[in-house]
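A.B. asks: Please find one structure pasted underneath; my questions will follow.
The values are calculated or read from the model by the stated rules, or taken from the named source; none is laboratory data. Note that the structure is predicted; figures quoted are calculated from it, not measured. Here the Cβ positions follow ideal geometry from the backbone for every residue, glycine too, while neighbour counts run over all protein chains shown.
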């Protein structure tokens, strides 16, 4: 993290468990990190690792089971409903599915205006000023003004996601959780939306948590990256450092799967084998234990935590420093 920048968000010991018929599902388990103003934290990991749940727990869309979330120095998990409503102006989310996240009965104009009316930034009497602000937001995200009276089903995925971004920006937030905002879009549209979000970040000084499966995107978009596996953080580092020197075996396997557009380039892919540990009442120790080619009894230590292996680079692994880990061709 850049020490010259002011810290905007800090998460300490965040946990989110769900009761299921089979037991307690550990969706997010003891997560710790911070994000500085104007930076982007990328969050990666396979489906079901707790990325989206973590983002929603930070915003209290899911009420956390345990932990602390400090926003501008204040623990927002202690806020009552009134304070949380005020905080919604500063903390917003862009959802993965732009169609499912929009009310099909609201036009583009009504969808963008809704948060401002709910937060009483404008009233229905301020109709002229409200529509001017809607037009400004539409122009900001690249939506033609003629689409004001269109409905979501009349638009393509890229335009729908632009509505979601405009809606999030309508309250002038400081922090936005981007929950796989381009995964449901065509590749050509993905690039447009990503460029738009970067331009908006530069223009408005936004801070992002960017959740994605696409490692190429997160490399291009993020200042720092968190790698998650079954609810826990396994590695965290500045982007360049993580791609240059992945230490955790799971991170190494993820990076080895990035496709390279050269048929003659040796891929050296790491294939993960073994059973996936159940997130319901998981056993103590490393949750990657059953799939890790380097696993030993020490990996069952219940107190495994993040260790700093070099400045700003943290890894959760009991075998850090073991020469055997460096046998990996991609390490």
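A.B. asks: With the condition kept exactly as written, say whether any residue in segment 212-220 is within 30 Å of residue 281 (Cβ to Cβ), modelled with pLDDT under 95 and in contact with a strand residue (DSSP E or B) (Cβ under 9 Å, 6 or more places away or on another chain).
C.D. replies: yes
A.B. asks: All but one of (1) part of a helix (DSSP H, G or I); (2) in contact with a strand residue (DSSP E or B) (Cβ under 6 Å, 6 or more places away or on another chain); (3) over 30 Å from residue 283 (Cβ atoms) hold for residue 196; which doesn't?
C.D. replies: Here residue 196 clears every test but (2).
A.B. asks: Let me ask you something else. Which of the residues that make up segment 274-304 are in contact with a strand residue (DSSP E or B) (Cβ under 8 Å, 6 or more places away or on another chain), on the phi > 0 side of the Ramachandran plot and crowded, with 18+ Cβ neighbours inside 10 Å?
C.D. replies: Of everything in segment 274-304, nothing turns out to be in contact with a strand residue (DSSP E or B) (Cβ under 8 Å, 6 or more places away or on another chain), on the phi > 0 side of the Ramachandran plot and crowded, with 18+ Cβ neighbours inside 10 Å.
A.B. asks: Here's another thing I want to ask about it. Could you tell me which numbered condition residue 47 fails, if it satisfies all but one of (1) more than 29 Å from residue 194 (Cβ to Cβ); (2) modelled with pLDDT under 95?
C.D. replies: (1)
A.B. asks: Could you check residue 199 against (1) touching a residue at least 60 places away in the same chain (Cβ under 8 Å); (2) under 26 Å from residue 8 (Cβ atoms) and say which number it fails?
C.D. replies: (1)
A.B. asks: Also: State whether one or more residues within segment 77-87 are under 27 Å from residue 131 (Cβ atoms), surrounded by fewer than 13 Cβ atoms within 10 Å (Cβ to Cβ) and out of contact with any helix residue (DSSP H, G or I) (no Cβ under 9 Å at 6 or more places or on another chain).
C.D. replies: Yes, segment 77-87 has at least one match.
A.B. asks: Would you be able to tell me the number of residues in segment 152-164 that are buried (at least 16 other Cβ atoms within 10 Å of the Cβ) and part of a loop (DSSP other than H, G, I, E, B)?
C.D. replies: Residues that pass the stated criteria total 1.
Let's see how each residue does on (1) crowded, with 17+ Cβ neighbours inside 10 Å; (2) touching a residue at least 60 places away in the same chain (Cβ under 8 Å); (3) touching a helix residue (DSSP H, G or I) at 6+ places or on another chain (Cβ under 6 Å):
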| position | (1), (2), (3) |
| --- | --- |
| 113 | yes, no, yes |
| 117 | no, no, no |
| 120 | no, no, no |
| 128 | no, no, no |
| 132 | no, no, no |
| 136 | no, no, no |
| 139 | no, no, no |
| 144 | no, no, no |
| 150 | no, no, yes |
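One line per residue, one yes/no per condition, for (1) modelled with pLDDT under 95; (2) at positive phi; (3) surrounded by fewer than 17 Cβ atoms within 10 Å (Cβ to Cβ); (4) not in a helix (DSSP H, G or I):
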{"position": "166", "(1), (2), (3), (4)": "no, no, no, no"}
{"position": "178", "(1), (2), (3), (4)": "no, no, no, yes"}
{"position": "184", "(1), (2), (3), (4)": "yes, no, no, yes"}
{"position": "191", "(1), (2), (3), (4)": "yes, no, yes, no"}
{"position": "201", "(1), (2), (3), (4)": "no, no, no, no"}
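A.B. asks: Residues 228, 209: which one is closer than 16 Å to residue 94 by Cα and either surrounded by fewer than 24 Cβ atoms within 10 Å (Cβ to Cβ) or touching a strand residue (DSSP E or B) at 6+ places or on another chain (Cβ under 9 Å) (or both)?
C.D. replies: Just one listed residue meets the conditions, 209.
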